[in-house]
Amino acid sequence: MGTFLWWITAVLVFAVGVTVNACAPHDMEALLAFKAALNEPYLGIFNSWTGNDCCSNWYGITCDPTTKRVADIALRGESEDPIFQKAKRTGYMTGSISPAICKLERLSNVILADWKGISGIIPPCITSLPFLRHIDLVGNQISGGIPFDIGKLSLLTVLNLADNKITGTIPRSLANISTLMHLDLRNNMISGIIPQNFGRLRMLSRLLLSGNRISGLIPNTVPHMYRLSDLDLSLNQISGPIPESLGKMAVLATLNLDGNMISGKLPATLINSGISILNLSKNAIEGSIPDVFGPRSYFMMMDLSYNKLTGPIPKSISSASYVGHLDLSHNHLCGAIPAGSWFEHLEASSFTYNDCLCGKPLQAC
């Protein structure tokens, strides 16, 4: 009888141990519903999603070690993982993101990136997950709008929805996310304006909105984002002048505004700033190039081509610390090209299609 009692006790202890170490049953149920809405035919990444413990060896799933609640879904269609290297191919997945994901109440990171064929909308209920810090859905076919109340995600630091088919406008509530550091909405079909309240995103370091249908002015609140280092608004329908205050931003290093309908003059503040990549090509900028180059002017790339610039190339450009790639073509510039040591590597194509520029590398004056 004593042996039987010992055996019963051992079974109970083992069962309790399994229960403690396994993921929460409703988390596993939510993951299986999430999986059922997706189809991945080539790599078999969901083959490991079996058994009663989604916290152990389920591909792409990580649980909080203390609570045993699902914390991360990290599934990338382009990876150096052995399962990709063995198949010698990138991933391809179809289906949609099931609203069941919203039942994972402790979810912190959602990465479902570069699968090429995932479609449908972003479940609106995703804004009810209070611990979300990282949303990366880049490189799919996701459509519909960004949830209007996404500002409820008060801990979010990264929102990457690039290379999808997102429509609608940029929600004003995004500016409520004081923790947001990286916002990438490139190459979608987003329209409307950049919300004026975006200046409240004081932690934002990268604002990438290129390749959409965004219109209106560059908000004069953008310079309030004092940590911003990379601003890309290219290939949109933005109009109006460039705010002078952009050139006064402390850490702004990359400014891409090419392929818009920007008009007005070229602010002198952009020339003598900390910006090292400046692309303003294919706009309607007019007037002269400000003669304010100096030792602080260090441009890895400056592209002012396809505008309406007039007058000479400023002589002060010779005093810039460095100019790597320079393109002033397709304007109405005139006069002698200034001499400069770093000008020697520039080709004639940097200066062609102007009114009357001359001097090396063009014909002598």
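The values are calculated or read from the model by the stated rules, or taken from the named source; none is laboratory data. All values reported here derive from a predicted model rather than from experimental measurement. Cβ: placed from backbone, ideal geometry, glycine included. Neighbour counts: every protein chain shown. For accessibility, only protein heavy atoms count, side chains too; no ligands or nucleic acids. Shrake-Rupley method; radii C 1.70, N 1.55, O 1.52, S 1.80 Å.
Things worth noting here:
- Simple Cβ-charge dipole of the chain, Lys/Arg +1 and Asp/Glu -1, about Cα centre, in debye nearest 20: 480 debye
- Once all protein chains are placed together, His330 keeps about 60 Å² accessible to a 1.4 angstrom probe.
- Toward the positive end of the charge dipole of the chain, with +1 on the Cβ of Lys and Arg and -1 on the Cβ of Asp and Glu, the farthest Cα among Leu107, Met93, Asn272 is that of Leu107.
- Among Met181, Met28, the order of accessible area from largest down is Met181, Met28, computed with a 1.4 Å probe on protein heavy atoms.
- Expected-Rg normalisation [2.2 N^0.38 Å, Cα atoms] applied to region 190-304: 0.98
- Note on region 173-261: with neighbouring protein chains present and a 1.4 Å probe, carbon and sulfur make up 53 percent of its accessible heavy-atom surface.
- Heavy atoms of Glu344 accessible to a 1.4 Å probe, total area in Å² rounded to 10: 140 Å²
- For region 22-138, the relative contact order comes to 27 percent (Cα pairs under 8 Å, sequence separation of at least 6).
- Nearby aspartates and glutamates by direct alpha-carbon distance to Lys68 (threshold 16 angstrom, same-chain neighbours under 8 apart not counted): Asp27, Glu29, Asp53, Glu105
- The coefficient of translational diffusion for region 220-279, derived via Stokes-Einstein from the alpha carbon Kirkwood radius under 4 °C and 1.567 mPa s, stands at 112 µm²/s.
- Accessible-area value, Leu32, 1.4 Å probe, nucleic acids and ligands omitted, Å²: 70 Å²
- Under conditions of 20 °C and 1.002 mPa s, region 22-138 yields 149 µm² s⁻¹ as its translational diffusion coefficient, taking Rh as the Kirkwood radius over Cα pairs in the Stokes-Einstein equation.
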